[in-house]
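Novice: So that we are looking at the same thing, I have put the structure below in structure tokens.
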Amino acid sequence: MFRHSLTLACIAVVVAFASVPAAADAQPPFELTARQDRFLGGTAGTLVIGDGGIDFRTPDRTKARHWDYEALKQIRILSPTRVTIETYEDQGRLRFGADRSYAFEVPGSIPESVVAFLLERLDRPLVTAVMPPLPATALFRVAVKNASARKGSDGTLLLYDTGLAYVTEQEGQARFWRFRDVYGVLTLDRYRLQVLAYEGGSGDTRSFTFELKTSLPPGMFDAIWQRVNSPIVRNQERVTEQNRQRSPDMTRTNHLLALGLGAALTAAAVFEVPALATPQSMSNSPQVTVTLATRPSPPVTGDNDFEVTVQVDAKPLVGADVSLLLVMPAMTEMGMPEMRQTMVLRPAEGNAADEGKYAGRGQVMMAGTWYVTVSVKVENAVVAEKKLTLVAR
């Protein structure tokens with residue numbers, strides 16, 4: 001009887017432990033059995049992902065590694081069983097100046113909790129085909145075909161409050177993007193949507209062209225655009241003495257929110273006091289406008305004149321540094337690489353009507369759609385940044 005009771009008690013304990021959900025993979029540090037890929041052989045060990053960085057622990061101390069998150073250029077998870085860590089380390093004499101990458105095979109599957117942690121922890125973009133935990137219901141969804149890859153894939157494009165997801169069964173082609181990891185979105189026509197995402201580790205971008213199997217649900221494109229171009233908060237340490245004299249209210253502020261207004265060429269922004277921005281406080285703040293104009297309009301292939309006007313409460317912002325970055329995404333199906341053009345604009349010279357205007361001449365290398373970033377700096381601090389698109393003829 002005693003032995004029977006003891007047996008039942010042991011079974012009860014086992015059942016009790018079995019019924020407790022495994023939480024080991026839900027909280028950092030995460031420990032993943034891994035094997036580092038190498039040209040000759042490989043090294044078995046453990047990847048440890050935690051608040052202080054990423055470690056590769058192995059009995060061979062010459063192969064062990066520790067990386068702070070600031071030392072990581074990019075992490076790619078293009079398979080549930082594979083992760084690549086790209087660092088700022090030089091590869092050495094054979095490839096001088098090239099950055100060193102470490103590829104690891106992970107038996108089993110990389111938990112979605114690891115992806116969620118990295119998305120929360122990393123400042124630089126995370127390239128992931130493994131989804132983090134997603135809400136049961138998306139804000140918008142549409143059936144698509146990814147036509148940008150050599151071998152297309154069928155899937156679904158879903159918009160969540162936390163990001164944009166492309167879900168497909170084709171290995172390596174799924175993606176989850178935080179909104180800040182998307183450079184821009186564009187409707188090429190009624191049935192094609194293009195997403196330009198940061199992939200490459202050095203600010204390089206990659207375009208994803210999706211063929212829509214049905215028209216976009218009403219409001220979906222605007223919802224994506226607004227989130228990709230959501231308010232950007234930048235610290236503003238100082239403004240020039242001349243602008244302080246022009247707008248005394250600016251001395252009370254230390255943040256600038258650049259507000260996206262869709263595909264229009266006029267960008268609006270507000271100066272915000274240190275308190276958390278609210279619609280009420282924003283409505284009482286000085287208004288900043290950044291307007292881009294081209295001559296000719298629309299721009300053409302070859303030389304064009306660009307002019308940016310920056311105003312605070314309809315008063316010109318002078319003494320700023322203004323630049324333009326034009327990007328045309330790579331067209332992999334045509335074998336055409338990404339094209340970039342940077343222009344530094346100078347204060348317009350002339351009468352008082354030219355105050356707050358910054359102009360310059362630059363080349364548009366080919367016809368088509370260009371993603372444009374207008375950057376405004378005051379004393380080396382970025383105080384406004386606006387993304388928009390231009391179509392050159």
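Throughout, read-outs are computed from the coordinates displayed, never taken from laboratory work. All values reported here derive from a predicted model rather than from experimental measurement. FYI the Cβ positions are ideal-geometry reconstructions off the backbone, even for glycines, and counts take in every protein chain you see.
Novice: Which Rg and Dmax, in Å, describe the Cα atoms of region 45-147?
Specialist: 15.9, 51
Novice: So how far, in whole Å, is the C-alpha centre of region 175-208 from the one of region 301-359?
Specialist: Using only Cα atoms to place each centre, the spacing works out to 22 Å.
Novice: Additional query: In nanometres, what is the gap between the two model label sites at ARG141 and ARG100, each 7 Å from Cα along Cα-to-Cβ?
Specialist: Label at ARG141, label at ARG100, 4.4 nm between them.
Novice: Between LEU78 and THR46, what's the calculated FRET efficiency when r is the beta-carbon distance and R0 is 25 Å? Round to 0.05.
Specialist: 0.75
Novice: Calculate, in nm to one decimal, what GLU338 and VAL382 gain on full extension: separation in residues at 0.36 nm each, minus their alpha carbon distance.
Specialist: Result: 13.3 nm gained on full extension.
Novice: Can you tell me the alpha carbon radius of gyration of region 99-182 divided by the globular rule-of-thumb value 2.2 N^0.38 Å?
Specialist: After normalising by residue count via 2.2 N^0.38 Å, the value is 1.14.
Novice: So if R0 is 25 Å, what FRET efficiency would LEU122 and THR389 give, r being the distance between their Cβ atoms, rounded to the nearest 0.05?
Specialist: Once the sixth-power term is evaluated, E becomes 0.35.
Novice: If packing is taken as the average number of other Cβ atoms within 10 Å across a peptide's residues, how do 296-306, 108-118, 175-185 rank, most packed first?
Specialist: Packing proxy ranking, top to bottom: 175-185, 108-118, 296-306.
Novice: Follow-up question, since we're still on this one. Exceeding 22 Å between C-alpha atoms, which entries from my cross-link table qualify? They are LYS151/LYS213; LYS213/LYS387; LYS357/LYS387.
Specialist: LYS213/LYS387
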